[in-house]
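Structure first, commentary second.
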Amino acid sequence: MGKLRSLDPELAEAMGLELERQRQSIELIASENFVSVAVMEAMGSWLNNKYSEGYPGKRYYGGNQFIDMSENLAIERAKKLFNADHANVQPHAGSQANMEIYFATIKLGDKILSLDLPKGGHLTHGSPVNFSGQFYKIASYNLDSETEQIDMDHVRKRAEEEKPQLLLCGYTVYPRIVDFKEFGEIAKDVGAVAMADVAHIAGLIAGGAHPQPLPHMDVVMTTTHKTLRGPKGAMILCKEGLAKAVDKAVFPGLQGGPIENMIAAKAVAFGEALRPEFKDYAKQVVANAKVLAGEMMALGYRLVSGGTDNHLMLVDLQEKGVTGREAEQLLEKIDISVNRNMIPNDPQKPWVASGIRLGTPAMTTRGLKESEMKEIARLIDTAIANKGDEAKLASLKEEVHALTGKFPLYPEIDF
Ligand SMILES: *Cc1c(COP(=O)(O)O)cnc(C)c1O
């Protein structure tokens, strides 16, 4: 990396500062993670230079014999991780991949039944500001108002009332296990395509800490950069029957040339996820989340749905006298990184919100365990309780740096 420093010091400065920020901060944004140096090597490689429109064995450009080897490794490993008949590893991002699935399986104007968006769905599940809300009819199911969890009887009732062409499960801020089997049965009973968007929990699924969506689903989307700990990007997994339609929707339907350096990096990450250590990782992510959730509740915070079974939790701050936005900014001051999030029936606007989302995937990658989770809960609570006290916040920030200093990030990188 020596070249960049001397050729472009302006950019190198930004990159150096970001590395320092990542090293010093407690990263609790549930959708983030730290990829391995091997993944970064593939991302930053000469595979970037190749045009490869098409698929392995059927490219629209010559010279792809080695690119085919790399993309086939990504495909085979993806299929093994998720028990899939077919994998398309070319989607550039989760949002594109969701668009590609809709394009492959339903018609413009058809109806998608998904979770009511402010309750934990993704923009691409039907938000009016997103293509999904403009190209398709959107109907929603809700969380149970008591348990704040998904009630499958309610989902069935909504599916029977709405008769959607596509039934969608999978969320950005749902701390409980998704019942793919029941979702699949309901979809079949109403004649809908069964789709799961497992962007958040893919690493838990790959590591055996959450049930598999296949064979219950017809088609599954996941990003590759969240709990799965790979490069930014996505993939689509499906049964044989949808393979052709999915491939056509990705290319030439919505994409051109695949980003082969990123596909190689996906192969590296999938290889890592197939190793036994990844099972330990997934288990530890969940164990850490359970302890962090328990500790937050012990400190008097209400958690939406009363806890977590996966890698994230949603903290309701209404009784603590801070909004989500205030808490996010306050914690950023002491180098704890979280994101504000709407809670069910939130009285605040999305820009402000009444909750924060906390996730354990990134810090578990750095090696933190249960005892550090307890310390993190205490740091968060102390910051919120002392929000006007700059001296106290400064000392908390030092505690944060002392903690992260014990778990070096990328010690092999000298930038
Ligand atoms: C993150 C996420 C996506 C979108 O991923 P991008 O790569 O940011 O476009 C889609 N669905 C869910 C459920 C997500 O959490």
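Structure values in brief
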item: Virtual spin-label span in nm between residue 58 and residue 93, 7 Å along Cα→Cβ; result: 2.8 nm
item: Size of electric dipole in segment 167-227: Cβ of Lys, Arg +1 and of Asp, Glu -1, about Cα centre, debye, nearest 20; result: 220 debye
item: Computed magnitude of the charge dipole of the chain (debye, nearest 20; Cβ of K, R +1, Cβ of D, E -1); result: 580 debye
item: Residue 36/residue 5 FRET efficiency (R0 30 Å; Cβ-Cβ; nearest 0.05); result: 0.85
item: Mean projected area in nm² (Cα convex hull; one quarter of hull surface) for segment 75-177; result: 7.5 nm²
item: Between segment 302-319 and segment 47-86, the alpha-carbon center distance in angstrom; result: 40 Å
item: Fraction of the pair-distance distribution of segment 1-134 above 17 Å, Cα-Cα pairs, percent; result: 76 percent
item: Relative contact order, percent, the chain [alpha-carbon distance under 8 Å, six or more residues apart]; result: 22 percent
item: Dimensionless Rg/Rh of the chain - Kirkwood Rh, Rg from C-alpha atoms; result: 0.97
item: Global geometry of segment 276-405, whether rounded, prolate or oblate, following the gyration tensor of its Cα atoms and the 1.5 cut on a/c; result: oblate
item: Residue-span extension gain [residue 157 to residue 18] - 0.36 nm each, minus C-alpha spacing; result: 45.2 nm
item: Two-site label geometry, residue 385 and residue 283: point separation in nm, points 7 Å out along Cα→Cβ; result: 3.5 nm
item: Fraction of the pair-distance distribution of segment 40-273 above 29 Å, Cα-Cα pairs, percent; result: 25 percent
item: Debye equation applied to the C-alpha atoms of segment 193-272, log10 I(q)/I(0) at 0.16, 0.21 Å⁻¹; result: -0.64, -1.06
item: Rounded accessible area per residue of segment 9-48, 1.4 Å, Å²; result: 54 Å²
item: Spacing of the two label points (7 Å from each Cα toward its C-beta) at residue 177 and residue 134, in nm; result: 4.0 nm
item: Computed [θ] at 222 nm, helices only, for the chain once each DSSP H run of length n ≥ 4 contributes -39500 (n - 2.57); result: -13500 deg cm²/dmol
item: Along each principal axis, Cα extent of segment 167-212, largest first, Å; result: 31, 19, 14
item: Per-pair calculated FRET efficiency, R0 = 41 Å: residue 185 and residue 378 via Cβ, rounded to 0.05; result: 0.40
item: Considering only the chain, percent of DSSP beta bridges that pair antiparallel, nearest 5; result: 55 percent
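The values are calculated or read from the model by the stated rules, or taken from the named source; none is laboratory data. The structure displayed is predicted, hence computed values, not measured ones. As a convention, Cβ positions derive from the backbone with ideal geometry for all residues, glycine included, and neighbour counts pool all protein chains shown. Only protein heavy atoms, including side chains, enter the accessible area calculation; ligands, DNA and RNA are left aside. Shrake-Rupley method; radii C 1.70, N 1.55, O 1.52, S 1.80 Å.
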